[in-house]
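Working notes, beginning with the structure itself.
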Amino acid sequence: MESPMFSFQWLPFVFLIFLSSVSATLINIPRLSPIGGKFLHDLETVSASISDDLQTFYYDQTLDHFNYRPESYTTFQQRYVINSKYWGGATSNAPILAYFGAEAPLDGDLSAIGFLADNAQQFQALILYIEHRYYGNSIPFGSREEALRNASTLGYFNSAQAIADYAEIITHVKKTLHANDSPVIVIGGSYGGMLASWFRLKYPHVALGALASSAPILYFDDITPQNGYFSVVSKDFKEASETCYQTIQKSWSEIDKATSQPSGLSNLGKEFKTCRPLSKSSELKNYLESVYYTAAQYNHPPDYPVTIVCGGIDGAPSDTSILEKIFAGLVAYGGIRSCYVNELRNISETTVGWRWQTCSELVIPIGRGNDTMFEPDPFILSSYIEQCKSIYSVPPRPQWVTSYYGGHDIKLILHKFGSNIIFSNGLRDPYSTGGVLDNISDSIVAVSTINGSHCLDILFAKESDPKWLVMQRKVEVRIIEQWIAKYYDDLLAYKK
């Protein structure tokens with residue numbers, strides 16, 4: 001039995017070159033991560049103490065759950081982690097809280113996702129964390145290089161295989177602990193939240209209920225308007241400061257104007273202290289866009305990054321130029337650095353994994369019209385398909401998520417079919433536009449907060465948490481308690 005170690009693995013140099021060559025042209029879909037920070041691409045470097053109560057195990061996982069070809073029976077080692085400190089035990093049918101890892105190694109979640117640990121004692125629950133296939137230590141085909149080699153090996157890298165993995169591991173853990181009658185509540189955030197909700201629909205015999213935090217399950221197949229994400233980003237900034245919003249809105253044409261001047265890119269590089277010379281203005285624009293949407297998506301208290309960015313922009317001297325104000329906002333957000341923009345960095349496994357996932361089944365059509373603080377940039381599906389084909393030689397399947405899991409007319413369908421799902425959202429989260437924001441039935445409920453941000457409710461509780469966040473978590477706990485109490489009543493009646 002091993003203790004969990006923080007895993008930090010980088011792709012080989014050939015992958016860095018390959019992805020760098022396509023990153024400038026491929027439409028960018030913002031990461032769905034429950035634990036984003038100031039610079040989302042630095043997420044894998046987060047270090048934190050890991051609880052001594054955690055025990056790490058590995059399960060011989062089936063490569064392909066849905067076929068019976070000889071190669072389908074190949075196995076790989078999938079990591080899962082258990083905390084049994086507060087578990088009431090199998091004899092009392094004490095519950096299991098299972099966290100679904102998403103598009104990153106599990107380590108960051110272990111140190112940041114607090115909903116399970118914060119409530120385990122109250123529930124007398126066993127905590128189970130499961131790592132997503134193809135991330136962290138859960139790599140098929142013996143090595144990351146082989147697993148990511150081409151579309152043939154990447155073909156087993158999808159959500160259906162992932163939730164089948166989770167079903168196998170949950171069943172294995174219950175059998176090993178002789179806890180067959182222990183109810184299971186699955187929990188996930190962002191993409192992991194989508195997995196949790198889909199799991200409850202596909203495996204109701206394994207999970208009693210699901211908490212799906214910031215899960216944009218309706219941001220597929222044009223159910224949600226493509227400009228929803230960036231409309232909320234813009235709204236967040238506008239509500240923080242009208243002048244900040246206007247400055248950002250004007251900055252794009254100012255960048256174009258500066259670029260058109262003699263030595264324009266060179267001067268821009270100096271003004272923004274870029275780490276390397278700019279080869280085109282889009283490098284700077286893309287960087288600034290990522291700062292703004294990351295600040296909005298993870299606009300957590302007490303710091304509120306959107307307010308920090310706008311404080312820097314608005315706080316610049318009145319005689320400074322628009323671009324000087326933009327740079328002041330960048331410094332306020334990221335701190336004083338030796339350089340900004342186009343840093344030379346390794347390409348992480350998450351970057352590569354998320355690119356494949358969004359180029360295969362998770363086609364989230366995020367675009368921009370004329371009604372945001374950004375330049376218009378509509379999502380054109382035909383172009384996206386061609387770009388993905390140029391990378392992987394296979395096209396994405398934009399309608400597969402809604403075909404396999406549903407989404408269209410969700411209230412009509414799930415009102416009679418589903419049960420026991422909490423969809424939690426913070427309405428300042430840009431991805432909330434693709435979330436379930438209204439109750440579907442008495443047991444498929446939406447728990448939203450006006451000032452909340454991405455996956456805030458499932459992070460570790462802090463003394464500084466605002467009252468509305470404390471209340472949101474209490475509502476979620478109370479609903480789960482009701483599910484479990486009803487299950488125990490049903491179990492008792494069934495056993496008689």
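With each label modelled as a point 7 angstrom along the Cα→C-beta vector, the HIS65-ASP371 pair spans 4.0 nm. Based on the Stokes-Einstein relation at 37 °C and a viscosity of 0.692 mPa s, and on the Kirkwood radius from alpha carbon pairs, the range 263-378 is assigned a translational diffusion coefficient of 204 µm²/s. For the range 213-371, relative contact order (Cα pairs under 8 Å, six or more residues apart, normalised by length) works out to 35 percent. For the chain, the longest principal axis of the alpha carbon atoms and the long axis of helix 349-360 meet at an angle near 80°.
Under a 1.4 Å probe, what is the accessible area of the chain per residue, stated in Å²? Averaged over the residues of the chain, the accessible area is 42 Å².
Of HIS300, HIS178, HIS454, the order by accessible heavy-atom surface (1.4 Å probe, DNA, RNA and ligands excluded), from most exposed downward, is HIS178, HIS300, HIS454.
Note on SER152 and VAL470: the model spin-label points, each 7 Å out from Cα along the C-beta direction, lie 5.9 nm apart. Once R0 is set to 51 Å, what does the formula 1/(1 + (r/R0)^6) return for the Cβ-Cβ distance between THR91 and LYS416, expressed as a FRET efficiency to the nearest 0.05? Calculated transfer efficiency: 0.90. Compute the relative contact order of the chain as a whole-number percentage, counting only Cα pairs closer than 8 Å that sit 6 or more residues apart in sequence. Averaging sequence separation for qualifying contacts and normalising by length gives 19 percent for the chain. For helix 13-23, what angle does its Cα long axis make with the longest principal axis of the chain, in degrees from 0 to 90 and rounded to 10? Taking Cα atoms only, the helix is inclined about 70 degrees. Output the lone cysteines of the chain: those with no second cysteine's C-beta under 4.7 Å from their C-beta. When partners are defined as cysteine Cβ atoms under 4.7 Å apart, the chain leaves CYS455 without one. Values [x] 24.1, 80; [y] 22.9, 85; [z] 21.4, 66 are given for comparison; Rg and Dmax of the Cα atoms in Å, derived from the coordinates here, is the one labelled [y]. Per-residue extension of 0.36 nm, minus the Cα-Cα distance of LYS495 and GLU254, leaves a gain of 79.5 nm for this segment. Across the options GLY192, GLN297, ALA179, the greatest Cα extent toward the positive end of the charge dipole of the chain (unit charges at beta carbon of Lys, Arg, Asp, Glu) belongs to ALA179. In order along the range 129-138, the phi-based Karplus estimate (6.51 cos²θ - 1.76 cosθ + 1.60, θ = phi - 60°) of 3J(HN,Hα) comes to 10, 10, 7, 6, 4, 6, 10, x, 9, 10 Hz; Gly and Pro are listed as x.
Basic side chains Lys and Arg get +1 at the Cβ, acidic Asp and Glu get -1 at the Cβ, and with that the dipole of the chain about its Cα centre reaches some 300 debye. Between GLN77 and ASP438, the simple spin-label model (points 7 angstrom out along Cα→Cβ) gives 5.0 nm. Potential lengthening of the chain between THR171 and SER321 amounts to 47.9 nm, from the contour at 0.36 nm per residue minus the alpha-carbon distance.
Shown for the chain: the carbon plus sulfur share of the solvent-accessible area, taken with all protein chains present and a 1.4 angstrom probe, equals 53%.
One decimal place: the segment LYS280-TYR58 gains 75.3 nm when fully extended, by the rule 0.36 nm per residue minus the C-alpha distance.
Taking the 0 to 90 degree range and rounding to the nearest ten, how far is the long axis of helix 191-202 tilted relative to the main principal axis of the chain, both from C-alpha atoms? Result, in degrees: 30.
The values are calculated or read from the model by the stated rules, or taken from the named source; none is laboratory data. These numbers were taken from a predicted model, which means no experiment stands behind them. All Cβ positions, glycine included, derive from the backbone under ideal geometry; neighbour counts span all protein chains shown. What goes into the accessible areas is simple: the full protein's heavy atoms, side chains included, and nothing from ligands, DNA or RNA. Shrake-Rupley method; radii C 1.70, N 1.55, O 1.52, S 1.80 Å.
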